[in-house]
1. Any idea how far apart residue 64 and residue 22 come out in nm if each label point goes 7 Å out from Cα toward Cβ?
2. Using only Cα atoms, what Kirkwood radius does segment 3-49 have, in angstroms?
3. What angle, in degrees between 0 and 90 and rounded to the nearest 10, separates the Cα long axis of helix 3-17 from the longest principal axis of the Cα atoms of the chain?
4. Mind running the shape call on segment 27-78? Use the C-alpha gyration tensor, a ≥ b ≥ c as the square roots of the eigenvalues: rounded below 1.5 for a/c, prolate if a/b tops b/c, oblate otherwise.
5. Output needed: percent of Cα pairs per 5 Å distance bin for the chain, bins running from 0 to the one holding the longest distance.
6. Pick out which of 63, 29, 20 has the largest mean-square fluctuation in a Gaussian network model of the chain, springs linking Cα atoms closer than 10 Å.
7. If you build a Gaussian network model of the chain, linking Cα atoms that sit under 10 Å apart, which residue out of 67, 46, 28 swings the most?
8. Relative contact order of the chain, please, whole-number percent, based on alpha carbon pairs below 8 angstrom and at least 6 residues apart.
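Throughout, read-outs are computed from the coordinates displayed, never taken from laboratory work. Note that the structure is predicted; figures quoted are calculated from it, not measured. All Cβ positions, even for glycine, are placed from backbone atoms using ideal geometry, and neighbour counts span all protein chains on display.
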């Protein structure tokens, strides 16, 4: 796969992540790019996270300290926000 094709797939992924195209548009455009028998679709799929394979760590795990934190929205226009904050214990 050429660097140009890879960059095009990265650009499509960026458009998808920022809501400029939907998931269907991302995959259909990536599927249209095939170079030397290597599908850009396979490359594009490798960029997407596999949430089903993610490891789940219990909040009571002794290796971490987990808590919820409240903070002001970055732009200051959405009021207070809440996030789940996890850090290594110790």
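1. So the label points at residue 64 and residue 22 sit 3.3 nm apart.
2. By the Kirkwood definition, the hydrodynamic radius is 10.4 Å.
3. Result, in degrees: 40.
4. Values: a/c = 5.46, a/b = 1.82, b/c = 3.00.
It is oblate, given that a/c is not under 1.5 and a/b is not larger than b/c.
5. Bins of 5 Å from zero give 3, 11, 15, 12, 11, 12, 13, 12, 8, 3, 0 percent of pairs.
6. Highest fluctuation among the options: 63.
7. Maximum fluctuation in the GNM of the chain, among the listed residues, is at 67.
8. On the way: 82 pairs, mean separation 17.1, N = 90.
Computed value for the chain: 19 percent relative contact order.
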